[in-house]
Amino acid sequence: MAKVKANGITINYEQQGAGEPLVLIPYLAADHACYAFQVADYGKHFTCISLDPRGAGETDKPDGTYSMELFADDVAAFMKAIGVERAQ
């Protein structure tokens with residue numbers, strides 16, 4: 001597992017496979033483990049980057065109201081922090 005600081009929080013993520021980046025974003029309140037069964041197959045064609053969103057898994061859980069816009073900002077900042085310009 002790796003961690004990166006983005007959008008004011010520390011985001012936990014896992015990276016596997018090779019190829020074009022594929023960012024796997026869990027549904028609300030889930031962590032990266034929800035993709036455990038898919039990553040093996042996806043990783044044959046893509047670099048799979050699965051993250052724990054704000055408030056889930058090992059990512060920071062700051063107090064306050066969470067919104068879809070905030071989650072989107074987190075993912076955009078996360079991608080920038082790890083050097084991924086575009087992803088599937």
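Condition check ((1) farther than 17 Å from ASP74 by Cβ; (2) among the small types (Gly, Ala, Ser)) across all residues:
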{"site": "ALA2", "(1), (2)": "no, yes"}
{"site": "LYS5", "(1), (2)": "no, no"}
{"site": "THR10", "(1), (2)": "no, no"}
{"site": "ALA18", "(1), (2)": "yes, yes"}
{"site": "LEU22", "(1), (2)": "yes, no"}
{"site": "ILE25", "(1), (2)": "no, no"}
{"site": "HIS32", "(1), (2)": "no, no"}
{"site": "ALA36", "(1), (2)": "yes, yes"}
{"site": "LEU51", "(1), (2)": "no, no"}
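If I filter the range 29-88 down to residues being among the basic types (Lys, Arg) and assigned to a loop (DSSP other than H, G, I, E, B), which single residue comes out as surrounded by the fewest Cβ atoms within 10 Å (Cβ to Cβ)? If we take residues in the range 29-88 being among the basic types (Lys, Arg) and assigned to a loop (DSSP other than H, G, I, E, B), then ARG86 is surrounded by the fewest Cβ atoms within 10 Å (Cβ to Cβ). Applying the set (1) modelled with pLDDT under 95; (2) under 13 Å from the mean Cα position of the chain (by Cα) to ALA76 leaves exactly one unmet item: (1). Within the range 10-27, being more than 12 Å from the chain's Cα centre (by Cα) and surrounded by fewer than 17 Cβ atoms within 10 Å (Cβ to Cβ) holds for GLN16, ALA18, GLY19, GLU20.
The values are calculated or read from the model by the stated rules, or taken from the named source; none is laboratory data. Note that the structure is a prediction, hence the values are computed from the model and not measured. So basically every Cβ, Gly included, is an ideal-geometry build from the backbone, and we count neighbours across all protein chains shown.
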